[in-house]
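The values are calculated or read from the model by the stated rules, or taken from the named source; none is laboratory data. Please read all numbers here as calculations on a predicted model, not as lab measurements. Backbone-built Cβ (ideal geometry, glycine too); neighbour counts: all protein chains shown.
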Amino acid sequence: MSKKELCWNITSKCNQNCIYCFREQNATDCSAAESMGILQYLISRGVKELTWSGGEPLLYQGLDILLQTSYEHKIINKLNTNGALLTPERLQKIAEYIDMFTLSLDTVDSTINAKLGRGATHQEQVLAVVKHIKDCYPNKKVTINVVINKFNLNSIPELVTRLNELPIDGVRLFQVSPIRGRAIDTFSNTAVTTEQFEQAKTYFQQHLKHANLTFRNKSSLESKYLVITPNGNLCYNSNGKDILIKQLRGKNR
């Protein structure tokens, strides 16, 4: 676990319906007690960094105490969220325990966001959340995930212009990939070629002004991350299949 980043998809539930999503839509979430047991196991194994994701992790009942416990054991906490539930009240409760907030923003075009399944007001929500985090918690890092797909290719210049106006620390570009779940089923409708992804990368490299820029395609996603699924499986992904390493839920840890 020390050689790869560990991403914990704490819940399969989500309040958006992204067409390229690779969450486990039918998985059964661990209970709060089971998740605490998994976290204690990770602590005992010396895990130093956790990315909390989903689904939408803020929908998981018990997330706040998990974040606090992780923080108290010197683990770096990164929260991947669509931002819709990251209200000022919720931020006040958890900001202390988060080292990096990562929000998803593929376009600032409301019509495209609606087509992607994020909702027509998604861009407004994300922009407001980023501003609030940096205004109230200026020492917290904020990054933006951008999934390059067929629908947002032509709106990239407008997106980059808006990102340049935000007080963000990084941007991570993903090539839409058939990792698992719905992403496999819809890939023929969302896919971009390697050339198109490279063109998008080049545009960001040339025009993104201040944020650190990194990239992920399917092969780098598979090689970089170990994943804990909502039902407690520790696994890695290969060719669209999750390969079980260990069941962390309950007595089989």
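Observations, loosely collected:
- Looking only at residues in region 233-252 that are surrounded by fewer than 16 Cβ atoms within 10 Å (Cβ to Cβ) and not in a strand (DSSP E or B), the one that is modelled with the lowest pLDDT is 252.
- Subset of region 7-44 (residues that are over 16 Å from residue 104 (Cα atoms), in contact with an Asp or Glu (Cβ under 7 Å, 6 or more places away or on another chain) and not charged (D, E, K, R)): 11, 12
- All positions within region 153-191 that are in a loop (DSSP other than H, G, I, E, B) and small (Gly, Ala, Ser): 177, 181, 191
- Flag for residue 10 being touching a Lys or Arg at 6+ places or on another chain (Cβ under 7 Å) and touching a residue at least 12 places away in the same chain (Cβ under 8 Å): no
- Top-ranked residue of region 168-192 - restricted to ones that are surrounded by fewer than 18 Cβ atoms within 10 Å (Cβ to Cβ) and at pLDDT 95 or above, ranked as farthest from the chain's Cα centre (by Cα): 169
- Just so you know, in region 125-142 the residues that are in contact with a helix residue (DSSP H, G or I) (Cβ under 9 Å, 6 or more places away or on another chain) and closer than 13 Å to residue 87 by Cα include one that is surrounded by the fewest Cβ atoms within 10 Å (Cβ to Cβ), and it is 136.
- The numbered conditions (1) of a type in the set (D, E, K, R); (2) in contact with a helix residue (DSSP H, G or I) (Cβ under 7 Å, 6 or more places away or on another chain); (3) farther than 19 Å from residue 143 by Cα are all true for residue 89 except (2).
- Any hit, region 106-123, residues being more than 26 Å from residue 189 (Cα to Cα) and either over 15 Å from the mean Cα position of the chain (by Cα) or in contact (Cβ under 8 Å) with a residue 40 or more places away in the chain (or both): no
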